[in-house]
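One structure is given below, encoded as structure tokens.
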Amino acid sequence: QVQLVESGGGLVQAGGSLRLSCAVSGRTFSSGAMGWFRQAPGKEREFVAVTRWNGGSTLYADSVKGRFTASRDNGKNAVYLQMNSLKPEDTAVYYCAAAPTWPRDYYRTVGYDYWGQGTQVTVSS
């Protein structure tokens, strides 16, 4: 089985930056994908970004494109989400998720088999 643990969330002023980490244990999938999702109170969990362990095909939601960067460190079995130019609308619980293979519907929660517990990101105006 796979276990994911997010960290790095916190309170930041609008325009600031934050870097989230997701540690992966149990096993990794060389041909798989790691996704980032977020969920604000009263809202559906929404897609943020996805990247492959083997590189390539990194994709972002339009709402974060140009501001967020997803990356990975295969040696450390970790993935990261660098968030710059943060806006109050980015406030949410952020989750990392794992898929054994590239998910057909990478932007949907059903495309991923494993999920972390989430980490809170709050952006003040």
Residue list for the stretch 2-53, restricted to those being of a type outside the set (Val, Ile, Thr), farther than 15 Å from THR119 by Cα and without any contact (Cβ under 8 Å) to a residue 40 or more places away in the chain: GLY26, ARG27, SER30, GLY42, GLU44, ALA49, TRP53
Unmet requirement for TYR114, which otherwise passes all of (1) in contact (Cβ under 8 Å) with a residue 12 or more places away in the chain; (2) in contact with a helix residue (DSSP H, G or I) (Cβ under 8 Å, 6 or more places away or on another chain): (2)
Test: residue in the stretch 106-114 that is among the aliphatic types (A, V, I, L, M), surrounded by 15 or more Cβ atoms within 10 Å (Cβ to Cβ) and not in a loop (DSSP other than H, G, I, E, B): no
Residues satisfying the stated conditions in the stretch 58-82, i.e. within 20 Å of TYR106 (Cα to Cα) and assigned to a strand (DSSP E or B): LEU59, TYR60, PHE68, THR69, ALA70, SER71, ARG72, ALA78, VAL79, TYR80, LEU81, GLN82
Candidate set: the stretch 11-29, residues that are under 24 Å from TYR107 (Cβ atoms) and of a type in the set (Gly, Ala, Ser); chosen: the one nearest to the chain's Cα centre (by Cα): SER21
Filtered residues of the stretch 54-65 (kept if under 22 Å from VAL24 (Cβ atoms) and either touching a Ser or Thr at 6+ places or on another chain (Cβ under 9 Å) or open to solvent by 60 Å² or more (accessible area, probe 1.4 Å) (or both)): ASN54, SER57, THR58, LEU59, TYR60
PHE37 vs. criteria within 24 Å of GLN1 (Cβ to Cβ), among the hydrophobic types (A, V, I, L, M, F, W, C) and within 11 Å of the chain's Cα centre (by Cα): yes
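So that you can scan it fast, the table gives a plain yes or no per residue for (1) within 14 Å of the chain's Cα centre (by Cα); (2) exposed (fewer than 14 other Cβ atoms within 10 Å of the Cβ); (3) over 21 Å from VAL5 (Cβ atoms):
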position: SER31; (1), (2), (3): no, yes, yes
position: LYS43; (1), (2), (3): no, yes, yes
position: ARG52; (1), (2), (3): yes, no, no
position: ARG67; (1), (2), (3): yes, no, yes
position: ALA70; (1), (2), (3): yes, no, no
position: GLY75; (1), (2), (3): no, yes, no
position: ALA78; (1), (2), (3): yes, no, no
position: GLN82; (1), (2), (3): yes, no, no
position: CYS96; (1), (2), (3): yes, no, no
Pairs with Cβ under 9 Å, 6+ apart, first in the stretch 54-76 and in contact (Cβ under 8 Å) with a residue 12 or more places away in the chain and farther than 18 Å from ALA98 by Cβ, second assigned to a helix (DSSP H, G or I) and open to solvent by 80 Å² or more (accessible area, probe 1.4 Å): SER63/GLU89
Unmet criterion (only one of (1) out of contact with any strand residue (DSSP E or B) (no Cβ under 8 Å at 6 or more places or on another chain); (2) open to solvent by 50 Å² or more (accessible area, probe 1.4 Å); (3) more than 25 Å from ALA14 (Cβ to Cβ); (4) not basic (Lys, Arg)) for PRO100: (2)
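The values are calculated or read from the model by the stated rules, or taken from the named source; none is laboratory data. Keep in mind the model is a prediction, meaning the values are calculated, not measured. Positions of Cβ are generated from backbone atoms using ideal geometry, with glycine treated the same way; all protein chains shown enter the neighbour counts. Note: accessible area is taken over every heavy atom of the protein model, side chains too, but ligands, DNA and RNA are not part of it. Shrake-Rupley method; radii C 1.70, N 1.55, O 1.52, S 1.80 Å.
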